[in-house]
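Below is one structure, written out as structure tokens, with a few remarks after it.
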Amino acid sequence: MNITAIKADNGVNVEALLNARQALTEAPEAARFTWRAQCAWVNGTHSRSVVHGFFGLGTEQAHKTEFRYDADHPEIFAAEDNGATPVEYVLVALASCLTAGVAAVAQNRNIQLRSVKATLEAGMDLQGILGIDSEVRNGFDGIKVVFEIDADATEQEIAALVAQSQRRSAVYDILTNPTYVAVEVR
Amino acid sequence: MIHAARRRYPPAGAVDVVVVGAGHAGLAMSRCLAERSIDHVVLERGEIANSWRRERWDSLRLLTPNWQSRLPGYAYRGADPDGYMSVSDVVGFIDGYARFIGAPVRSHTTVTSVVADGCGYRVATDRGAWRCRAVVLASGAHGVPAVPAAAAALPRSVTTLTPKTYRNPGQLDDGGVLVVGASATGLQLADEIQRSGRRVILAVGEHIRLPRIYRGLDIQWWLDAVGILDERYDAVDDIVRARRVPSPQLVGTPERATLDLNALTARGVELVGRLVGVADGKAQFSGSLRSHCAMADLKLGRLLDRLDQWAEERGRDRDLPPPERFAATRLEAAPRLGLDLARERISTVIFATGFRPDFGWLNVPVFDHKGRLRHDGGIVAPGLYVLGLNFMRRRKSSFIHGAEDDVRDLSAHLAAGLRLRDGGQAPRSAA
């Protein structure tokens, strides 16, 4: 009988991910994905978005169920607060992307995670979106992410997990680098 | 008498092996082929060590100390083993090597195409064609500067330079300079231009931070002693990534000073993120600067841990000064994300963003979907070899001292291949 080293289990199937990486290296056209969302106005600043289908591996794909997201603004914006604000969804997207990355990288490095908590904060000067000062941008003036991670690893190894998750994060890239956005009306 | 050297070799004809490029790697291969009595010729578009003569900036010095400069059967023997060769020193070193080995170099002979021909190759040049059984591509890793697409959108008022066209600060006007890239080159150019009194902004992406001296010894001594430079291409996790790593932030100066981002900011250089685009005369920088610096600091820490552990295990601890750790890279709270080039009077952008080899004349189907040469540790195809690429067979493959192990492996493989076609036994792997 072989003596097997203790394997970390963070619920990430790293082997499948590595196999996918290998397969997509050999068939780069299958690596082209298209993500979609649809949004419908409800009332006031309240809207409801759904995500379900997407394209990847050369064919149409779908989530197991349709996911719905209500977005609105808080009452101090004279709105009904039926959901998180759109900018908060951006923080949610970044947090969940980096956290998924931490788990995947930890699994790949055989590091057992016990808890991963991320706290995000983003500053915004409303003079931008209200058109008070044209020098002020509409979006965040910065985002701060603080991770608290309990894992079987040294402080340095944990710092490296977090660094690597940024390097491989789609949302981190979307936020830190410009993206061409085409908005049309049909 | 001018033609005496030429008469020794036919202007063109048939030969066992054509080596393309008379730099250190091509000459090292020539030496190993000669040792095996394999008939060959070294074709050189210009003179020996041509790109060192014509395509380097004035203040450049090697990143490796003199004692490390060695080629098969040849080594530095000067009075300053701990110094770093200047460009003219390197030219003299390689020139001296070519004379020492009596290399069959045909200078001012530009290869215009290489095609497969029967069980060998046909090499066309501007001075006639050669038929050969094997070709060694030793034209170097620095064929053409890899300039990002964003460069095309720069306003016309801005002068763009690359390390091949930059010589010294004297060629610049008085405006500010944006240096793109935080490799050894980017940092060295940013440093000397800032010292010339011009404003310098440095765009920083992924980079490798190294101290020049660690615990009293040159970092190259450590990398050599610990075996890091000997790490093989088939023993690293992700060789594609490892080959893309920029050159470590080092400079060779008489003071043996460390040149890192902290040294530059202390002298007034402004750091910004990776250049990601140019729109309406504004350069845009990634918001990932902190992440890239944190990654480089972490990697440096890991490397130093490894060096210290090695020193301890070898019982070297007592002879050496104590371990050191270096301050984290200092950054402004919110580095700028955009730069209006006209308003900020930036008149020059220098792309120190690396190079890719130029194999435009290689008409053999040996390229991947991105146009990169496919090779297995320098073995490209039967009878076709390449030399000197980044991490080609070993981490040291692109260094002068890295050529020897590679050419020994590959010349053995090449010789076995020739014997096979002569009816001998199959070549073993070049391991």
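Just so it is clear, none of the values below were taken in a lab; they were calculated from the coordinates. Predicted model only: the values in this text are computed from it and were never measured. Cβ coordinates were reconstructed from backbone atoms using ideal geometry, including for glycine residues, and neighbour counts include every protein chain displayed.
Summary value for the stretch B:76-179: 11 percent relative contact order, contacts being C-alpha pairs under 8 angstrom separated by 6+ residues. From the square roots a ≥ b ≥ c of the eigenvalues of the alpha-carbon gyration tensor of the stretch A:30-136, which class results: rounded (a/c under 1.5), prolate (a/b over b/c), or oblate? Verdict is oblate for the stretch A:30-136. Other protein chain C-beta atoms within 10 Å of residue C-beta, averaged over A:26-34: 0.
Is the stretch B:79-157 best put as rounded, prolate or oblate by its Cα gyration tensor, with a ≥ b ≥ c the root eigenvalues, rounded for a/c under 1.5, and otherwise prolate when a/b is larger than b/c, oblate when not? Mind dumping the intermediate values first?
Details: a/c = 2.61, a/b = 1.08, b/c = 2.41.
Since a/c reaches 1.5 but b/c is at least a/b, the shape of the stretch B:79-157 is classed as oblate.
At a threshold of 8 angstrom on Cα-Cα distance, excluding pairs fewer than six apart, so keeping six or more, what relative contact order does chain B reach in percent? Please report the intermediate quantities before stating the final value.
Numbers: 816 pairs, mean separation 91.9, N = 431.
Normalised by residue count, the contact order of chain B is 21 percent.
Taking a ≥ b ≥ c as the square roots of the eigenvalues of the alpha-carbon gyration tensor, the stretch B:305-385 is classed oblate because a/c is 1.5 or more while a/b is no larger than b/c.
Summing charges over neighbours of residue A:42, with a neighbour being any other residue whose Cβ is under 9 Å away from its Cβ, gives -1 when K and R count +1 and D and E count -1. Could you give me D for the stretch A:85-186, from Stokes-Einstein at 10 °C and 1.306 mPa s, where the hydrodynamic radius is the Kirkwood radius over C-alpha pairs? Units µm² s⁻¹, please. The diffusion coefficient I find is 103 µm²/s.
Rounded to whole Å, the principal axis extents of the Cα atoms in the stretch A:10-84 read 53, 29, 20, largest first. Its alpha carbons give the stretch B:144-351 an Rg and a Dmax of 18.5, 60 Å.
Taking max minus min of the alpha-carbon positions on each principal axis, chain B gives extents of 69, 59, 45 Å, largest first.
Taking amide H atoms as placed 1.01 Å from N in the peptide plane, the amide H of residue B:125 lies under 5 Å from those of B:112, B:130, each 5 or more residues away in sequence or on another chain. Rg and Dmax of the protein assembly as shown, based on Cα coordinates, read 27.9, 95 Å.
The HN-Hα couplings worked out from phi for the stretch A:135-141 by the Karplus form 6.51 cos²θ - 1.76 cosθ + 1.60 (θ = phi - 60°) are 7, 8, 6, 5, x, 4, 8 Hz, whole numbers, x standing for Gly and Pro. When only alpha carbons are used to place a centre, the stretch B:247-276 and the stretch A:112-163 end up 28 Å from one another.
Divide the volume of the convex hull of the Cα atoms of the stretch B:212-305 by its number of residues and quote the answer in cubic angstrom per residue. Don't skip to the end; give the middle numbers.
Working: hull volume 14.0 nm³, N = 94.
Looking at the stretch B:212-305, the number lands at 149 Å³ per residue.
For the stretch B:1-154, treating each Cα as an identical point scatterer without solvent, what Debye log10 I(q)/I(0) comes out at q = 0.18, 0.19 1/Å? Calculated log10 I(q)/I(0) at the listed q: -1.09, -1.17. Taking A:15, A:60, A:157 in turn, the Gaussian network model of chain A (Cα-Cα springs below 10 Å) assigns the largest fluctuation to A:60. A Gaussian network model of chain A, with springs between Cα atoms under 10 Å, assigns the largest mean-square fluctuation among A:53, A:44, A:131 to A:131. Legend: P(r) of chain A from all alpha carbon pair distances, 10 Å bins from 0, whole percents, reading 7, 24, 34, 23, 10, 2, 1, 0. Separation of the stretch B:280-309 from the stretch B:372-391 is 30 Å, based on Cα centroids. Taking only complete DSSP H runs, can you tell me which helices of chain A stretch 30 Å or more along their own long axis by Cα positions and average at least 1.0 on the Kyte-Doolittle scale? Helices meeting the criterion: A:86-108.
Counted by neighbouring Cβ atoms within 10 Å, the residues B:48, A:158 run from fewest to most as A:158, B:48.
In the elastic network of chain B, a GNM with C-alpha springs shorter than 10 Å, the most mobile of B:192, B:332, B:206 is B:332. With the largest listed first and rounded to whole Å, the semi-axes of the equivalent ellipsoid of the stretch A:52-101 from the Cα gyration tensor are 29, 15, 8. Over all Cα atoms in the stretch B:276-431, the spread is summed up by Rg and Dmax: 23.6, 71 Å. Residues B:238, B:376, B:297, ranked from the fewest to the most other C-beta atoms within 10 Å, line up as B:238, B:376, B:297. Over the stretch B:329-371, the fraction of Cα-Cα pairs per 10 Å bin, rounded to whole percents and listed from the shortest bin up, is 16, 25, 24, 20, 15, 0.
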